[in-house]
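The values are calculated or read from the model by the stated rules, or taken from the named source; none is laboratory data. Please read all numbers here as calculations on a predicted model, not as lab measurements. Don't worry about glycine lacking a Cβ; one is built from the backbone with ideal geometry, like all the others, and counts go over all protein chains shown.
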Amino acid sequence: MDQHIAESIGRPDLVRLDDRLVCLRFETMKVVSALAAVGHLLDTGVVRRGDTLLDSSSGIYAYALALACHRHGMRCHIVGSTTVDHTLRTQLAVLGATLTQMEPCNDLKLDQKRRVERIHEILAEHPEYHWMRQYHDDIHYLGYRTVADRIREATGADGLTLVGGVGSGASTGALARYLRTAADDPAKGEAHGEAGGEADVELVGVQPYGSVTFGAEHVCDPEIIIAGIGSSIPFGNVSHELYDVLHWVAFDAALAGSVDLLRRHAVFAGLSTGAGYLAARHERERSPERTVLFIAADTGHRYVDTVYARHREVAPMADFAPREVTDQGQLALPWSRMRWNRAPAAPWPAGRPAEVTLTSARASARG
């Protein structure tokens, strides 16, 4: 029996949509990483019960961290995006979290930059706060080990293609890393063909146009509202060398995917899931011998007005096909695909503003 609702919320469903297409459906995905991260910080003495945990969020992580703090008796302070809606604001307030929300802004790139700047202002005022650094600390990988074990048991690992939003790198990166690595139990590893080697798991990352993470900042999608899977600032815990293929998906194509997923399979999920579903179906057609699993990171409730209310005007999914590119200079809306081949990240150009980093001892008064 679960001891807290966060444990239940963080446990995903595995839904087979057809013989080679599987949906890993979360109610709120980042609860998995937040719970494990906070538990690890407590176990290692970095923080104590009653301390304040601080981070920035466009929505999902805010709720996840608030739940993790509620579970472990911590205080929570969120610097929230302008996109945080009334429902989430109310939930955070009742859970006892403090929300500092950015002023309305049409530019989500600027919104993200302003949030990080506000984080540093708060840390200057409260050096005793611990900054969770969801975008930079790979402590957020830890919670996905049990999810990877569940996927391995249900689908096997060899011949698996994993598709999902890149975001901070924690979900897709962690799942791929754990699925590729031989199981801790040698007998289990041999049963799944791992036997001390690396399982055949391809990782397909989904990005919005405008994201700097894989070099698409020069392409603008005027309707982009899926900031959670991309970034206008470099993220420190994205392991570029884990990714085999990338898809950049614009709003219109993601909208078509979201509506088709609900209409065809009755899965009600967020806009980034629609983008992932679109990419997953394409990868399945390209590789008929592989099982394709895509991540549904959250439900579709906060997208009712911006996405699902437009279901009558959406173009059929068949109208969309990816433009195959070999470098980022060829990227074009509404959908592009490129083989990344597990290449490392390109160097961040000199003179270009990089993400500010915390130079104090991990935002903790105890160091």
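Filter the range 1-19 down to the residues that are under 21 Å from GLY165 (Cβ atoms) and in a loop (DSSP other than H, G, I, E, B) and list them by number. Scanning the range 1-19 gives GLY10, ARG11, PRO12.
With respect to the stated conditions, VAL292 is of a type outside the set (Phe, Trp, Tyr) and part of a strand (DSSP E or B). Residues of the range 264-283 that are aliphatic (A, V, I, L, M) and either touching a helix residue (DSSP H, G or I) at 6+ places or on another chain (Cβ under 7 Å) or buried (at least 21 other Cβ atoms within 10 Å of the Cβ) (or both): VAL267, ALA269, LEU271, ALA275, LEU278, ALA279, ALA280.
Within the range 240-275, being hydroxyl-bearing (Ser, Thr, Tyr), modelled with pLDDT of 95 or more and either farther than 14 Å from GLY164 by Cα or assigned to a helix (DSSP H, G or I) (or both) holds for SER258, THR273. Of the strands (runs of 3 or more DSSP E) lying entirely inside the range 24-139, those containing at least 1 residues that are under 20 Å from the mean Cα position of the chain (by Cα) and modelled with pLDDT under 95 are 52-57, 75-80. Do the conditions hold for ALA321, that is, is it modelled with pLDDT of 95 or more, assigned to a loop (DSSP other than H, G, I, E, B), farther than 20 Å from PRO222 by Cβ and over 21 Å from the mean Cα position of the chain (by Cα)? Here the answer is yes, as ALA321 does meet what is asked.
When the range 115-142 is filtered for residues that are crowded, with 18+ Cβ neighbours inside 10 Å, of a type in the set (D, E, K, R) and more than 18 Å from HIS240 (Cα to Cα), the ones remaining, listed by number, are ARG115, ARG133. Restricted to the range 248-263, and to residues that are surrounded by fewer than 24 Cβ atoms within 10 Å (Cβ to Cβ) and of a type outside the set (Lys, Arg), which residue is nearest to GLU217 (Cα to Cα)? Among them, the one singled out is PHE251.
Applying a threshold of 8 Å to beta carbon distances and a minimum spacing of six or more residues, or different chains, the list of pairs starting in the range 30-44 at a residue that is under 13 Å from GLU7 (Cβ atoms) and assigned by TED's automatic domain parsing to the domain that holds TYR63 and ending at one that is of a type in the set (Lys, Arg) and assigned to a helix (DSSP H, G or I) reads LEU35/ARG71; VAL38/ARG71.
Taking the listed residues LEU54, LEU14, LEU41, LEU65, the one that is closer than 18 Å to ASP298 by Cα, surrounded by 21 or more Cβ atoms within 10 Å (Cβ to Cβ) and not polar (S, T, N, Q) is LEU65, with no other qualifying. Report whether or not SER8 is in contact with an Asp or Glu (Cβ under 6 Å, 6 or more places away or on another chain), without any contact (Cβ under 8 Å) to a residue 12 or more places away in the chain and not basic (Lys, Arg). For SER8, the condition - in contact with an Asp or Glu (Cβ under 6 Å, 6 or more places away or on another chain), without any contact (Cβ under 8 Å) to a residue 12 or more places away in the chain and not basic (Lys, Arg) - is met. Scanning the range 285-309 for residues that are within 22 Å of THR155 (Cα to Cα) and basic (Lys, Arg) yields ARG286, ARG290. In the range 152-166, of all residues being surrounded by fewer than 24 Cβ atoms within 10 Å (Cβ to Cβ) and in a loop (DSSP other than H, G, I, E, B), the one that is modelled with the highest pLDDT corresponds to GLY159.
Of all residues assigned to the range 222-233, at least one qualifies as being of a type outside the set (A, V, I, L, M, F, W, C), without any contact (Cβ under 8 Å) to a residue 40 or more places away in the chain and in a loop (DSSP other than H, G, I, E, B). Would you pick out the residues in the range 167-203 that are out of contact with any helix residue (DSSP H, G or I) (no Cβ under 6 Å at 6 or more places or on another chain) and modelled with pLDDT of 95 or more? Hits for the range 167-203 are THR172, ARG177, ARG180, ASP200, GLU202. When the criteria are applied in full, LEU278 meets the requirement of being closer than 25 Å to THR213 by Cα and at pLDDT 95 or above.
The C-beta contact set for the range 82-101 (first residue over 16 Å from HIS301 (Cα atoms), second residue at pLDDT below 90 and exposed (fewer than 12 other Cβ atoms within 10 Å of the Cβ), distance under 8 angstrom, 6+ apart or interchain) comprises THR82/GLU103; THR82/PRO104.
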